[in-house]
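The values are calculated or read from the model by the stated rules, or taken from the named source; none is laboratory data. Since the model is a prediction, treat every value here as computed from it, not as a measurement. Because the Cβ atoms are built from the backbone with ideal geometry, glycine has one as well, and the counts that use them run over all protein chains shown. Remember, those area values only see protein heavy atoms, side chains included, never the ligands or the DNA or RNA. Shrake-Rupley method; radii C 1.70, N 1.55, O 1.52, S 1.80 Å.
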Amino acid sequence: MSEVCFSETCGPDQLPKVRTGIQGLDEITQGGLPRGRPTLVAGGAGSGKTMLAMEFLARGAAEFGEPGVFLAFEESKEDLIQNFKSIGLDLEALVEEKKLVIDYLHIDQNEIHEAGDFDLEGLFFRLGLAVESVGAKRVVIDTIEILFSAFENHGIIRAELQRLFRWLKDRNLSAIVTGERGENTITRYGLEEYVADCVILLDTRIQNEVTTRRLRIVKYRGSTHGMDEYPFLIDSDGFSVLPITSATLEQIASDERISTGIPRLDTMLGGEGVFRGSSVLISGTAGMGKSTIAANFADAACRRGERVLYFAFEESQAQIVRNMRSIGLDLERWVRECRLAFHAARPTMCGLELHLVNIHKVVRAFKPQLVVIDPLSNLTTIGEQQQVRSMLTRLIDFLKSQGITAVFTDLTAAEFNLERTDVGVSSLMDTWLLLRNLEHNGERNRGLYVIKSRGMAHSNQIREFVITDSGIELVDVYTGPGGVLTGASRIAQETRDRAETILRRQAVEARQRVLDRKRRALEAQIALLNAEFEEAEDEAMRELQQEELLEEVQSSSTREQARRRKADGLGEG
Amino acid sequence: MNNPDMQETAKDEEFVPEPGEFWTLKLYVAGQSPRSLAAFANLKKICSEHLPGQYSIEVVDLLEHPQLAAGDQIIAIPTLIRNLPTPIRKIIGDLSNTDRVLVGLDLRKKIT
């Protein structure tokens, strides 16, 4: 993998290494196989020893300018050339360009009679000649153990093998020696005793009728290396090992937020949707609309002008496109514009690893910004939980490292265990949407929760999730005194609530009217009293004026009488 | 015709070369190593006893002609090849075990 820098891992303290060029193997060996030393590759029949060894040579010759010699004990040159042609390796061309020598040593054990002391000098001559002829830097001996069955005197063979490995080291040849897997030992004849520097074990297992291949570095003297069992694949592109996790968790965390395609869902996710490059899990039981949400993600990405890869493990492309059209999503348009590509495959079609590698390959080729895996749970049918988990870890890491947003749907089998995904992957996910069946009043309704969403404030509320002809709508659920209600119950409850409100309002209005009337009656009374009072007041005033007038009249007449009578002492006059 | 020696020692069925049948033998060695020399000496002795006048030995020194190792698929040194009579026989080692050499060359059926 060209993006990985090996110079850092090959410090002065580390062994000098030679890159294999095999995808993934250089990563887990942190730079390749030991340079100038033999490496033992052990495995059962058909485990891929020859494949690994030949690719080491072919890539060395083609990519790293290191010619190689393939010393074959089992297959003839013609067979090897023919076999590797099928995986796209043109050995013939390399042989013609003097970059590769394939030397087939045929040993017929029935033909050989041992009569006394011998050594394997002939083998050394042969190898030496081949190495010289192309200036080889790499050597493969496949598989040397045939010597043990060809010769009776194992003591000699052991001594000679020891000499052979020394011979290889002395000539600074980076070599792969293959060996047949033993029952209690790494190799049947204990080759690991001689090749002490680096031992790689290949294993083929059949689980649930599906073959999985695994690779483990048993030892690597003087170097750190990945300790796990790594699944590997042999396909039309040759050998590829899949590191279980990227060595470090150093993916770039984008601050960019992208819409889910459902405005109200964006609102629930801190108002802006999910982070670009994050992983989103949509889990729920059957028929909850997981794919619909996933399709919305895809549609939104296409609208933004991004590219989307949709891995469908349950439905065909045509089926998905048709189903989404019924809710107003036109995915076909994006397919036509080459923004959306479907990859539909039955999960049981091949092993988990092959699926993973296919996903890797397609993703690398299509370079999408968003990937949908629908559904994840179908992959669990072909592997064991641990395998699936490890595969997903690798997949998620891979997608994250590419900055690709990943949307996974997951079918939860049982209603009672909703907050547990079948493969236990939720911890790997950044955002987890749970679609839950809210059963009430003989109805199933969909409730949507945001169980978690790393790095953002997200809604803690349930939304009712309604799929209509025009797409997805998220509705607030009824959370009144009657509990959480959805669907028809919610509508009924809302209607009931509305009626109650009207009645209450009417009662209030009635009381208000009574009060009004009372106030008006009171006001009328006050007005009447006021009027009576005014009348009484008027009367009183009038009487008072008459009295005054009378009094004035009387006093003036008295003064007149006195003047007339000239009464004394009474006037001034 | 019959070797008096063989009649005395061998208990199993003897395979005596046909009169006039010629044996072509090739001995691959690597230089003048003690093992190479021993192999040649042992071969000479066996041939003179069992195939008097009916054999030829070609000695191929791989130190001088390493490319010749490929022709007869030589891995072990020394290797004796019986090219004629057919079928081809291959015997490896310094040929110190005479019984095994005789069996290997079809001069005796089985080791007693």
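Tabulated results
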{"read-out": "Residue satisfying all of: in the range A:110-127; among the aliphatic types (A, V, I, L, M) and within 13 Å of residue A:167 (Cβ to Cβ); farthest from the other protein chains (Cβ to nearest Cβ) among these", "value": "A:127"}
{"read-out": "Count of the range A:279-311 residues which are crowded, with 19+ Cβ neighbours inside 10 Å and outside any loop (DSSP other than H, G, I, E, B)", "value": "23"}
{"read-out": "Residue match in the range A:90-100 (condition: more than 12 Å from chain B (Cβ to nearest Cβ), touching a strand residue (DSSP E or B) at 6+ places or on another chain (Cβ under 7 Å) and assigned to a loop (DSSP other than H, G, I, E, B))", "value": "no"}
{"read-out": "Only one of A:256, A:314 that is of a type in the set (Asp, Glu), open to solvent by 20 Å² or more (accessible area, probe 1.4 Å) and in contact (Cβ under 8 Å) with a residue 40 or more places away in the chain", "value": "A:314"}
{"read-out": "Residue that is nearest to residue A:125 (Cα to Cα), among those in the range B:58-72 that are crowded, with 18+ Cβ neighbours inside 10 Å and facing another protein chain (nearest Cβ under 7 Å)", "value": "B:66"}
{"read-out": "First in the range A:317-333 and in the same structural domain as residue A:301 (by TED's automatic domain parsing), second anywhere and at pLDDT below 90 and exposed (fewer than 13 other Cβ atoms within 10 Å of the Cβ), Cβ under 6 Å, 6 or more apart", "value": "A:328/A:470"}
{"read-out": "Matching residues in the range A:1-21 - criterion: being modelled with pLDDT of 85 or more and either under 34 Å from the mean Cα position of the chain (by Cα) or crowded, with 20+ Cβ neighbours inside 10 Å (or both)", "value": "A:17, A:18, A:19, A:20, A:21"}
{"read-out": "Residue ID - farthest from the other protein chains (Cβ to nearest Cβ), chosen from residues in the range B:84-112 that are part of a strand (DSSP E or B) and open to solvent by 40 Å² or more (accessible area, probe 1.4 Å)", "value": "B:84"}
{"read-out": "Residues located in the range B:55-112, provided they are among the polar types (S, T, N, Q), under 24 Å from residue A:74 (Cβ atoms) and free of Cβ contacts under 8 Å to residues at least 12 places away in the same chain", "value": "B:67, B:73"}
{"read-out": "Test set (1) more than 14 Å from every other protein chain (Cβ to nearest Cβ); (2) of a type outside the set (A, V, I, L, M, F, W, C); (3) open to solvent by 20 Å² or more (accessible area, probe 1.4 Å) - residue A:77 fails condition number", "value": "(1)"}
{"read-out": "Residue match in the range A:132-148 (condition: free of Cβ contacts under 8 Å to residues at least 24 places away in the same chain and not aliphatic (A, V, I, L, M))", "value": "yes"}
{"read-out": "Meets criteria (more than 20 Å from residue A:66 (Cβ to Cβ), surrounded by 14 or more Cβ atoms within 10 Å (Cβ to Cβ) and under 42 Å from the mean Cα position of the chain (by Cα)) for residue A:145", "value": "no"}
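The rows are residues; the columns are (1) in contact (Cβ under 8 Å) with a residue 24 or more places away in the chain; (2) surrounded by fewer than 23 Cβ atoms within 10 Å (Cβ to Cβ); (3) not in a helix (DSSP H, G or I).
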| site | (1), (2), (3) |
| --- | --- |
| A:27 | yes, yes, no |
| A:31 | yes, no, yes |
| A:41 | yes, no, yes |
| A:46 | yes, yes, yes |
| A:52 | yes, no, no |
| A:55 | yes, no, no |
| A:61 | yes, no, no |
| A:65 | no, yes, yes |
